[in-house]
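A.B. asks: Structure provided below as C-alpha cells; questions to follow.
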Amino acid sequence: MTDLHQTRPSAPRCAHRCRPTPSRDARTLSRRATLRWAWLVVAGALALGCSDGSDGTNDATASAADAGLHGDGSLSDGVGSDTQGSGKDAGDGGSDPLSVPADGYRAIFLDIGQGDATLLITASGETLLVDSGPSDDKIIQRLVALGLKRLDAVLATHADADHIAGLAAVIAHYDVKTVYWNGLTKETKVFKTFYEAANKTTLVEPKRGSTAKLGNLTLEFLHPAKGNSGSDHNADSLVVLTGCSGAWLLLTGDAEADTEDELLKAGVLSDVDVLKVAHHGSASGTTTAFLKAVTPEHAVISAGLNNKYDHPDKGVLKRLADIGAKIYQTDDTWEDDSQTLRATCKGGLTVGPLH
Ligand SMILES: [Zn+2]
C-alpha cells in the first residue's frame, strides 16, 4: 500500500491551473493527465476507482450504499439496498437525504450551529465527514437522523473547536479508520480529545499536491504547502478540491485573505461550480481576487443563526452576489437549515435545502 504519509516531494506547478482560469472542459482533460502522474495518498479505508464521471452511463440515482463495499473492497455486513439511503429518488433531490446519483456524488452541508460540517457521499457508498462543528451531540444527532450507517474517513480542516469538537465522538461512533488533518497541534482540551481519538486511526497529513481517493472522487489538497505557519490555525486550514466534471467543489476551512493570496500566487486555483465559503463568511476572507479565480455558480455558507461574530459578513455576501454566485446558508432559521449538493458528473447539479 502507498505510504499514507507520502507527499509529492515538490509540488509541481500545473500549467492548466495557472491563471487565467481554464474552462471546465479543458480542466477535465488536464485533470486526467494530472492524475496519471499524481502521487496518491491512498487511505486504507478508501476504495479505488476514480473517474471524472465523463464515462458514467446515466444520471439515474443509486443508493450510496448499494455498492455495499467497505473501504477494503470487501462486502459489508448488512450494507445492502437500504442501509444508507434507499436510492428511491430520481435525481431531483427527492426525499432520501443519502441518495446519490449513480455517476455522481453528494455533499451535505450540515446545520450544526456556528461551525462547519460537510458530509461527502460517493456513488459507490464511500463517505467522508469534513469537520464536525462545535458539538459532539449535535453532529451525532444530525448523522444518525440522516440514517448514516457508515463513515469511512474524517477530515479535520484545522484545530479550532468549531471544526473538530465533535470529531472524537464521530470517530468512536462510526469506528472511523482514517483521519486527515493538517498536522498543526493546539494546546486545548478539545484538540487533545480529538487527537487521542484520531491517533487510533490511520492519520494522514496531506500537503499541497497530495491526492486521495474516495470512491469515484479524488480529493486534491491545495493547501497548506509544505510545512505550516506554526501558530495561525486558520491559515493552515486544509483546502480541498473535489468533485467531477460540471460539479467541482472547493472546501476551504477557515482560510482567510492571506491564504487566498498564497493560493493565487501558487497558481493552484481554477474554476469551480460550488464554493464552500471560507470561515463562515467572515470579512477576513473571500476576496474579490479569490472569487475571480474560482468563479463559483453556487456558494454555501455554514454559520450559526444570530452568531456573535456576525457571520456571514455583508461585504462577503455582496462580493458573492456580484460574481453571480447563488448563496445558500445554514443559518436561515432555528430549524435544520442543512443544505445539499447533488451532482451527476455530467454537468448537472442541484444545490438547495436538505429538507
Ligand atoms: Zn471556523
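Any read-out appearing in this document is the output of simple, stated calculations on the displayed coordinates, not a laboratory observation. This structure is a prediction, so every number in the text was calculated from the model and none was measured. Every residue, glycine as well, gets a Cβ built from its backbone with ideal geometry; the counts of neighbours run over all protein chains shown.
A.B. asks: Can you compute the modelled spin-label distance between GLU297 and THR333, with each label point 7 Å from Cα toward Cβ, in nm?
C.D. replies: 2.7 nm
A.B. asks: From the residues SER132, LEU184, LEU119, which one has its Cα farthest along the dipole of the stretch 119-239 in the positive direction, the dipole being from +1 and -1 charges on Cβ of Lys/Arg and Asp/Glu about the Cα centre?
C.D. replies: Toward the positive end, the furthest listed residue is LEU119.
A.B. asks: Cross-link list LYS138/LYS314; LYS149/LYS189; LYS276/LYS346; LYS213/LYS318: which exceed 32 angstrom alpha carbon to alpha carbon? Walk me through the numbers on the way to the answer.
C.D. replies: Numbers: LYS138/LYS314 27 Å; LYS149/LYS189 28 Å; LYS276/LYS346 21 Å; LYS213/LYS318 35 Å.
The pairs that break the limit, which is 32 Å between Cα atoms, are LYS213/LYS318.
A.B. asks: Using alpha carbons only, how many angstrom separate the centre of the stretch 299-355 from the centre of the stretch 116-132?
C.D. replies: 17 Å
A.B. asks: Given an 8 Å cut-off on Cα distances and at least 6 residues of separation, report the relative contact order of the stretch 279-355 as a percent.
C.D. replies: With pairs under 8 Å counted, the relative contact order is 28 percent.
A.B. asks: Can you list residues whose amide H is under 5 Å from VAL300's amide H, if they're 5+ apart or on another chain and H is modeled 1.01 Å from N?
C.D. replies: For VAL300, the qualifying residues are LEU275, LYS276, VAL277, TYR328.
A.B. asks: Can I ask one more? Going by C-beta contacts inside 10 Å, put THR287, THR122, THR185, THR340 in order with the fewest on the left.
C.D. replies: Listing THR287, THR122, THR185, THR340 from fewest to most nearby Cβ atoms yields THR185, THR287, THR340, THR122.
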